[in-house]
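See structure below.
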Amino acid sequence: MPRPEPEGTEPQMNADEDGFILKAETEAIIGCAFEVLNELGHGLPEKPYENALVVEFGLRAIRCEQQRRYDVLYKTVKVGEYVPDLIAFGAVVVDAKVIEHISDHEVGQMLNYLNITGHPVGLILNFRRACLEWKRVVNTNRREKNGG
């Protein structure tokens, strides 16, 4: 199981032998999502899954932030805020969903979220059905951000 990064440090962004960045971290998050789905069942509203993920991350010593705020900028002017469900390992945006299926729309949203946060990887987790649906999204145009 991957270890959480010490507070105040950034996770290593090195790719594994297959070229996946943060592969072990995303696998750990998906493992937590399977555990949450097995415990709660499927089809509840999104918030209980988000909250249960926070509990499961804590049980597995995975560092996460819930509902962190990020400024949305337009030509350097703040025009709004984006508040992701969770940021795990200080680098992975986690979006808990209860939707029919993960489509290009959700993938496009996640790419926008990654651009806003500056994080490299996002996970969309769909708890609608008895079998977890998930999608890993990587921002190949990643820009460094200072966050919030």
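Some observations on this one:
- Breaking point among (1) among the basic types (Lys, Arg); (2) over 19 Å from residue 50 (Cα atoms); (3) surrounded by 15 or more Cβ atoms within 10 Å (Cβ to Cβ), for residue 135: (2)
- Test: residue 107 is farther than 25 Å from residue 39 by Cβ and either crowded, with 17+ Cβ neighbours inside 10 Å or without any contact (Cβ under 8 Å) to a residue 24 or more places away in the chain (or both): no
- Complete set of residues in the stretch 32-46 that are over 13 Å from the mean Cα position of the chain (by Cα), on the phi < 0 side of the Ramachandran plot and either in contact (Cβ under 8 Å) with a residue 12 or more places away in the chain or surrounded by 14 or more Cβ atoms within 10 Å (Cβ to Cβ) (or both): 34, 35, 36, 37, 39, 40, 42, 44, 45, 46
- Residues of the stretch 34-70 classified as assigned to a strand (DSSP E or B) and among the basic types (Lys, Arg), total: 0
- Here is the figure for the stretch 68-90: residues that are of a type outside the set (Ser, Thr, Tyr) and either under 19 Å from residue 36 (Cα atoms) or in contact with a helix residue (DSSP H, G or I) (Cβ under 7 Å, 6 or more places away or on another chain) (or both) total 7.
- Of the strands (runs of 3 or more DSSP E) that lie entirely inside the stretch 71-112, those containing 3 or more residues that are closer than 21 Å to residue 129 by Cα span 92-97.
- The single condition among (1) farther than 14 Å from residue 29 by Cβ; (2) part of a strand (DSSP E or B) that residue 134 does not meet is (1).
- Residue list for the stretch 41-83, filter: at pLDDT 95 or above and more than 27 Å from residue 115 (Cβ to Cβ): 41, 42, 44, 45, 48, 52, 55, 56, 58, 59, 60, 61
- Residue within the stretch 86-99 that is surrounded by fewer than 17 Cβ atoms within 10 Å (Cβ to Cβ) and either at pLDDT below 95 or within 13 Å of the chain's Cα centre (by Cα) (or both) present: no
The values are calculated or read from the model by the stated rules, or taken from the named source; none is laboratory data. What you see is a predicted model, and the numbers here were worked out from it, not measured in a lab. Glycine gets a Cβ as well: all are built from the backbone with ideal geometry, and neighbour counts include every protein chain shown.
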